[in-house]
Structure formats: structure tokens, C-alpha cells
Amino acid sequence: MWDWEELEPLHIDTEVNPFTGKSFFNEVIFYHPSSKSLLMTDLYWNYPSSDGTTNRQVWDALPTVSKQTREEDFGVWELAPNVGKIPFGSAAWKLGMDKLFYPFYMNFMVSKRESFEDIARFITCQWEVETIIPAHGDIIRGKSVCREVLSKHFNIQCSSPTVDAQFTSLSTKEWLNKMALSYKLERGDDLLDVVSSGMTIEKGKHDDLEQLAISCATSPFPIASHDFLRADEAIYIYGNEAFLAGFGYDWDEFVQLPSSKCVETDEEVQERQKLLDTVKDAAMKESSSTAAYDNLIRVRKDGKKILLKGVNLWNVWEITDENQLDDTRAKIDAGTIKPIGQAVWIREVEYLD
């Protein structure tokens, strides 16, 4: 007798051969709850890239995924080894499957579109998958990576994740709004697009500020901000889930912490302050301050060192509406206003200890 709790099968009965009108593969896939593994048979394939590097083709397809998220895959392991240079015939087969068969399948062989999308959404969003085992190609591991791979393969967007209340409080959303408008002022880009790169959040499900708050909170990129309003020194006012986890703090202690505590020695405090002053002064003098810095060493709450790469800094201004951007820019150039804080998002974090 089949043990449904041990292994959950799912019949993909939505495929048809468009030339004969008869059923095609109509795969059966299997989910193993205890290991959170998904046996995809031929519903998903992951043929290796031409150089044989494990899962390089995944990272090529998802270039905005952070290094931290990528490393959930655990890299090379016994069931997903580097296999060396791929023969020409195999590389040609991969090209045909990825560039010819896949679009043909999605556009012409899926006969029951609504049913297929329901199945795809269930696979992607309901099953908690941490390992994908295709019949062909590299095995993939890591919850975030698996979710993004399935989302891309099926072109499915999952609902927004649940976050703790402090990440979506009114005061937090108001500050994030100023951060986002200031980012647009200094960088010219939409902060929401930056922080939600590679994510599967369904836009339109929430109002704009709620969406911004959820996207920032759950972004794979660490995001933080300090303000100059509550004390003589800068105090952290915001840190997203990735930043708090990376630096080892909880929300309540973090939003009372002087931001200088992220370095240890007096010399490091002075060097950090020079960097922040440079960003502030650039906005006051040159009409552009947002900059990216690499290889900044900072310290966690437990004293361990971390290396920050792709550190994007900008000033936070008293802006509440996009219509105020031009007026704020003019005031900055005239030197009649000063920033009320600064913010950062970080592309990569490397633990040194």
C-alpha cells in the first residue's frame, strides 16, 4: 500500500502532442516531505553548462541572486560533481532543450493552461523544496535557490512572504519611503527593483509602501539605515532580515544601536566616519553621492569579522512624495538642507571568522 506521507506523487496530466492530439509525457513527479526533496523526472531538466561546472547554468539564468543565496546550494558535492568539459553533442542537446523544446512545450504542448498553472503554483509555492532532483542534469540544493529555479521554469510568482510586524509598521514604511525616494534622487533607480531582484514577490498584491516594506525585509541583500535625528551620533533605524542575521542582532536592540558599533577600534571608527562624510559631502557639492565600495571589514555583535562587498551607500532626505524630487535636488545644490540619515544595501557578505 502506498504511503502518502512518505512520498507524495503528483500527476502532470496537462500535456498533449499538438500534432497528434494525444497525451505526451504527462509526467508523475514525487515530493519526499522528510528530506524536502522533489524528484522532477522530465518536468524540469538542468543540463550542465559547457564547462561542466556544477550548476553554473543556474547562476547564469539567475544573475541577480546574491552569493549568500547561491551558497545554500553547498557547491560541489558527491551527487552534483563538476564533470569536466561537456561533449559537443551533449552541449547541442542542452541548447535544443533550453532554446527550442522549452518554449515549444510551454506554448504548444500545455493543453490545459489553467490546470497547469495551478499545478506549477502548488509545486513552486506550496511544497517546501530544499532539493531538486531532475532526471537530467545537476541536482540543486537550497530553499531560496530551489524556489527561484522553479519560479523561473514555470513562470510562476508566489505570494508575498509573511514578515514580522516591525518590518511593516507605519513608522518603518514611512522611513523606507524616504529611503526609496532618496535612492531615486541620488541614483536615479527604483530601490524596489534593486532589492527584489531574483525574488518571487507578486506585485499588485499589496499597496506600494507595503510592497516596498515586504520586499526590503525579505531581500537577499542586507539593507540598513541610520538616522541623525534621535541623538548626536547616528543610530540605526532600520535593518532587514538579512542584515540583522548577518550582524547577529535582533530588531529591538539594533534600532537603538549607534551605527559606529559595526567597527571595533577608534581608528576604524574614524575611517568609517570619513567614508560616510564623503557620501554626505558629495551630495552637497556634486549633486551625486551614491557610491559602491568593496572589501569593507565590519564586526558582528559576537565580535566575529565579516567582509562586505558591493556596499552601496546613499543619503536619506526629508522627502515624502516623488513630486518633491526636483525641489529637493535644488535645495541640496543650494546647500539649504542636510540629509536626515544614510542607508546601505550590500551585494555580498563573507564571514571571515
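The values are calculated or read from the model by the stated rules, or taken from the named source; none is laboratory data. Predicted model only: the values in this text are computed from it and were never measured. Methodologically, a virtual Cβ is constructed for each residue, glycine included, from the backbone with ideal geometry; neighbour enumeration extends over all protein chains shown. Protein only, heavy atoms only, side chains kept; ligands, DNA and RNA dropped before computing areas. Shrake-Rupley method; radii C 1.70, N 1.55, O 1.52, S 1.80 Å.
Overview of values
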| quantity | calculated |
| --- | --- |
| Pairwise centroid distance, computed over Cα atoms, of the stretch 21-49 with the stretch 82-148, Å | 8 Å |
| Degrees separating the helix 325-334 axis from the principal Cα axis of the chain, which is the longest one | 40 degrees |
| Cα-based reach from K22 at 23 Å (exclusive), listing lysines while leaving out same-chain residues under 8 positions away | K112 |
| Max mean-square fluctuation residue, GNM over the chain, Cα-Cα springs under 10 Å, options L276, L176, L150 | L276 |
| Isolated Cys in the chain, by beta carbon distance under 4.7 Å | C146, C216, C262 |
| Debye intensity ratio I(q)/I(0), log10, the chain, q values 0.08 Å⁻¹ (C-alpha model) | -0.50 |
| Efficiency of FRET from Cβ geometry, A245 and E268, R₀ 35 Å, rounded to 0.05 | 0.95 |
| Angle between the chain longest axis and helix 143-154 axis [Cα atoms, degrees, rounded to 10] | 60 degrees |
| Angle between the chain longest axis and helix 208-218 axis [Cα atoms, degrees, rounded to 10] | 80 degrees |
| Accessible carbon and sulfur surface of the chain relative to its total accessible area, %, 1.4 Å | 51 percent |
| Potential lengthening between M106 and Y351 on full extension [0.36 nm per residue; Cα-Cα distance subtracted] | 84.1 nm |
| Extension reserve of the I297-A165 stretch, reckoned as 0.36 nm per residue once the Cα distance is removed | 44.4 nm |
| Counted charge near V195, where neighbours are those whose Cβ lies closer than 12 Å (Asp, Glu -1; Lys, Arg +1) | -3 |
| K173 accessible area, assembled protein chains, probe 1.4 Å, Å² | 40 Å² |
| Local net charge near S23, Cβ-Cβ under 10 Å (Lys/Arg +1, Asp/Glu -1) | -1 |
| Nearest-10 value in Å² for the accessible area of R147, using the 1.4 Å probe | 70 Å² |
| Pairs of Cα atoms farther than 20 Å apart, the stretch 220-353, % | 46 percent |
| Projected label distance in nm at Q126 and E8, using a 7 Å step from Cα toward the beta-carbon | 0.7 nm |
